[in-house]
Amino acid sequence: KHQNLLPVSIDTKKIHFSKEVTDRKHTPCGTSNILIIMSSFLCKSRTLFNYCQLGKVHEKTRRRAIRCILQRNSASTLIIAEPSSSNASSSSSLMPATLSVISAAQKLHPGPITILCDKAIDTGSLPSAVTSVLHMDTRSSSTTNTGSLLVAESVSSHIQQAQKLYSFSHIVAPATKFGSNVLPRAAAMLGISPITDIIEILSQDTFVRPIYAGNALAKVQATQNVKVLSVRTTAFEKANVDGSPNATVINLMEEKEVPPPQTLTEFVKENVSSSDRPDLATANVVISGGRGLKSAENFALLEALADKLGGAVGASRAAVDAGYAPNDLQVGQTGKCVAPELYIACGISGAIQHLSGMKDSKTIVAINSDPDAPIFQVADYGLVQDLFKAVPELNRQL
Amino acid sequence: MKILVGVKRVVDYAVKVRVGSNGVELKNVKMSLNPFCEIAVEEAVRLKENKDASVSEIVALSIGPKQCQETLRTALAMGCDRGIHVQTDLRGDYMELQSDAVAKLFQKIIEEKEKDTDLVLVGKQSIDSDCGHVGPMLAGYMSWPQATFAAKIDLEGNGLLVERETDQGTETVRIPKLPAVISCDLRLNEPRYATLPNIMKAKKKKIDTFQAEDFGIDLEPKNKVLEVFEPPARKEGIFVDDVNQLIDKLRNEAAVIP
């Protein structure tokens, strides 16, 4: 309605316009004495976010202004935050996976970054690159419990609504099981073909992703207007949490245009193994065991070594299949993709599918009594020895 | 309950692939039924064997070249009742026919040929493109409930209770009403070997063939593969003689331990 108003000057409290607006009924902010400009300046968006915080600006106006700013920006990113696990000590900060996605998003374009999350986030725990937060409302009428807020149907419905309101150019999720569950459904709902498990960002539309268990890499260019992506978190450094005090928090459900998402699937319960050890996906050191461990009890050897080095314990598919370790420790094409500073593979032969989940580790050590085991082809240091001699010796010496 | 199972013909999991000038070399390479599709077929057959599920028929669907008929025969030999082959020579390993087109073809098959489908079972991902999109995308296009990475499927009333793998372990979700789409993970079951009598029986089961171009879907890839290349080779490693040498290297050369 007010797009023909031209700003003449700005000071800290008022934005002066070329045309007098005398009819109070039609001003977007009612009795407030600051008018919000619908701006098309990309780089000024941060400044305008700051202005929105100043003065007596009506909440509705502020949100409408932000929506216009985001819509006018030709490039803006929505990041789907990884939900905090029940193991997470603090739920008002972002998960490490989300921090990796933020640094990946910064490689796309310089435009604003918005995060979609389920829990209230303290703006002090946001990287400064994040300009706004969309908070999925737990009071959504169709979810039966807060767990159901995170089922794919609900999250992708919120993504669709956010996209309708703010027209992001890029929607990025972490390539975790959560992201892999939600993102393709959201992409389908938006009519976009997604590109997932990206390990390198070459430009805002060109990416590299692994195929054939990482034995080949594909350089791929997205041709559609909106890019719906997921990134492999081990390929991107975590963004610094330097605080974003001016970040705007918007409650997604309060927007009147937003219909409540349909719940087709209900969350019942979760079965999580709790551990004091670092999370396998983000640990700096991983000690992994394979079929050579011969029993679940023997995994205690690896646990001792992991504790000495402050690391996590992993397992090959063979070990998990044989019942030596639980399935959330599995590393490989089915299972977790890890890239720690140090990966020690004990009694693991090194099948293609296991390698695909750990060959990006910085230093790889293999301990196996079979000198022909394929694992030695990716190891930086190979020790051909019975692991039942080598691992206790390692424990003793360290 | 009528079940539709997706089966994909992919490079065999044990093959070490080579990258040629036009993507991964597929000439003379051993091809097999995608391991996760095999798990989906097994689950469909087990549901049929469970009288409480009242499965009326299992239809196997494969999209690809004429050799997909062999893949379909494997699924039929494991226990599917009939097959549908959507013929296309477009490469399905991410290069040409991509997940959005595949999911839309599934949607067309359901809406035009198999209207009374109650459950779609697919593998969680194919081991060539490693995308894992078809399950959730099909659920999105159809606005059906979904459960991905299924590790256990149980009947519950008119719907299903699915235990699915998550990053922290597993979670259980309820799908109160069918139809639904489920993608199958590794631990859902261990697929059976087709017995010789079943292989012979499968030869008589019906396979209908359609052409992918006849469904009015844009099959062009929306994400253009510009190049396929091998990952950078790791620097060659060395063998150490004993634990002492290993610790020395890790401490002083690699500097990964204090």
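Give me the percent of the accessible area of region B:85-159 that comes from carbon and sulfur atoms, probe 1.4 Å, all protein chains in place.
Here it works out to 41 percent.
With a Cα-only, solvent-free Debye model of region B:1-100, what are the log10 I(q)/I(0) values at q = 0.12, 0.15 Å⁻¹?
Values returned for q = 0.12, 0.15 Å⁻¹ are -0.42, -0.63.
For region A:92-206, what is the accessible area per residue in Å² when the probe is 1.4 Å? Don't jump to the answer; show the numbers that get you there.
Details: 3140 Å² over 115 residues.
Result: 27 Å² per residue.
For region A:152-176, list residues with backbone N below 12 Å from a point placed 7 Å from the Cα of A:ASN251 toward its Cβ?
none
For region A:146-227, what does the convex hull of the Cα positions come to per residue, in cubic angstrom? Working shown, then result.
Numbers: hull volume 7.7 nm³, N = 82.
Convex hull of Cα atoms, per residue: 94 Å³.
With the other protein chains left in place, how much accessible area per residue, in square angstrom, belongs to chain B at a 1.4 angstrom probe? Walk me through the numbers on the way to the answer.
Details: 11490 Å² over 258 residues.
Value returned for chain B: 45 Å² of accessible area per residue.
Using only Cα atoms, figure out Rg for chain B and give it as a multiple of 2.2 N^0.38 Å.
Values: Rg = 21.1 Å, N = 258, 2.2 N^0.38 = 18.1 Å.
Here the answer is 1.16, to two decimals.
Give the shape of region B:121-160 as rounded, prolate or oblate, defined through the alpha-carbon gyration tensor: a ≥ b ≥ c are the square roots of its eigenvalues, a/c under 1.5 means rounded, and otherwise the shape is prolate if a/b is larger than b/c and oblate if not.
Judged from the Cα gyration tensor, region B:121-160 comes out oblate (a/c at least 1.5, b/c at or above a/b).
If I take R0 = 30 Å and measure r between the Cβ atoms of A:ASP372 and B:GLU253 in this structure, what FRET efficiency does the formula 1/(1 + (r/R0)^6) give, to the nearest 0.05? Display every interim value, and only then the final one.
Numbers: r = 25 Å, r/R0 = 0.83.
Calculated transfer efficiency: 0.75.
If you restrict to DSSP beta bridges whose two residues both lie in chain B, what percentage is antiparallel, to the nearest 5?
40 percent
Report the Rg/Rh value for region B:199-258, based on alpha-carbon coordinates and the Kirkwood definition of Rh.
1.46
Any chance you could check region B:228-245 for residues losing 50 Å² or more of accessible area when the partner protein chains are in, compared with the chain on its own (1.4 Å probe)?
B:PHE229, B:PRO231, B:ARG234, B:PHE239, B:VAL243
Taking a 1.4 Å probe, which of A:HIS170, A:HIS135 shows the most accessible area, and what order do the others take after it?
So, going from the largest accessible area down, we get A:HIS135, A:HIS170.
Roughly how much of B:TYR13 is accessible, in Å² to the nearest 10, using a 1.4 Å probe?
130 Å²
Considering the Cα positions of region A:183-301, please state its Rg to one decimal place and its Dmax as a whole number of Å.
Spelled out, the Cα radius of gyration and Dmax of region A:183-301 are 20.5, 60 Å.
Please compute how much accessible surface disappears when B pairs with A, both sides summed, using a 1.4 Å probe, and round it to the nearest 100 Å².
Chains B and A together bury approximately 6800 Å².
Heads up, I need the accessible area for B:LYS249: 1.4 angstrom probe, whole protein in place, Å², nearest 10.
Near enough 40 Å² of accessible area.
Using modelled amide H (1.01 Å from N, peptide plane; none on Pro or chain starts), what sits under 5 Å from the amide H of A:THR363, excluding residues fewer than 5 places away?
A:LEU342, A:TYR343
In terms of the ratio Rg/(2.2 N^0.38 Å) built on C-alpha atoms, what value belongs to region B:108-216?
1.23
Over 27 Å between Cα atoms, which of B:LYS48/B:LYS115; B:LYS108/B:LYS224; A:LYS238/B:LYS104 qualify?
Over 27 Å Cα-Cα: A:LYS238/B:LYS104.
How many Å³ per residue does the convex hull of the Cα positions in region A:278-398 occupy?
Values: hull volume 10.1 nm³, N = 121.
Roughly 84 Å³ of hull volume per residue.
In region A:323-348, what residues drop by 20 Å² or more in accessible surface going from the chain by itself to the full protein assembly, probe 1.4 Å?
Buried by the other chains: A:ASN327, A:ASP328, A:GLN333, A:THR334, A:LYS336, A:LEU342.
Using only the Cα atoms of region B:33-177, what are the Rg and Dmax in Å?
Cα only, region B:33-177: 14.9, 42 Å (Rg, Dmax).
A:SER295 to B:LYS16: FRET efficiency via 1/(1 + (r/R0)^6), r the Cβ-Cβ distance, R0 30 Å, to the nearest 0.05?
Computed FRET efficiency for A:SER295 and B:LYS16 comes out at 0.45.
If you roll a 1.4 angstrom probe over the protein chains with everything in place, what fraction of the accessible area of region A:336-398 belongs to carbon and sulfur, to the nearest %?
Here carbon and sulfur together make up 48 percent of the probe-accessible area.
Compare A:PHE388, A:PHE376 by solvent-accessible area with a 1.4 Å probe and give them largest first, with all protein chains kept in place.
Sorted descending by solvent-accessible area, the residues read A:PHE388, A:PHE376.
Per-residue accessible area for A:SER369 at 1.4 Å probe radius, Å² rounded to 10?
Result for A:SER369: roughly 80 Å² accessible.
With a 1.4 Å probe and every protein chain left in place, work out the accessible area per residue of region A:232-380 in Å², rounded to a whole number.
On a per-residue basis, region A:232-380 sits at 42 Å².
Accessible area drop of at least 50 Å² (1.4 Å probe, protein heavy atoms): which residues of region A:148-185 qualify, relative to the chain alone?
Going by heavy-atom accessible area, the residues of region A:148-185 that drop by at least 50 Å² are A:LYS177, A:ASN181, A:PRO184, A:ARG185.
The values are calculated or read from the model by the stated rules, or taken from the named source; none is laboratory data. Because the structure is predicted, anything quoted here is derived from the model rather than measured. No Cβ is skipped: glycine too gets one built from the backbone with ideal geometry, and neighbour counts run over all protein chains shown. Only protein heavy atoms, including side chains, enter the accessible area calculation; ligands, DNA and RNA are left aside. Shrake-Rupley method; radii C 1.70, N 1.55, O 1.52, S 1.80 Å.
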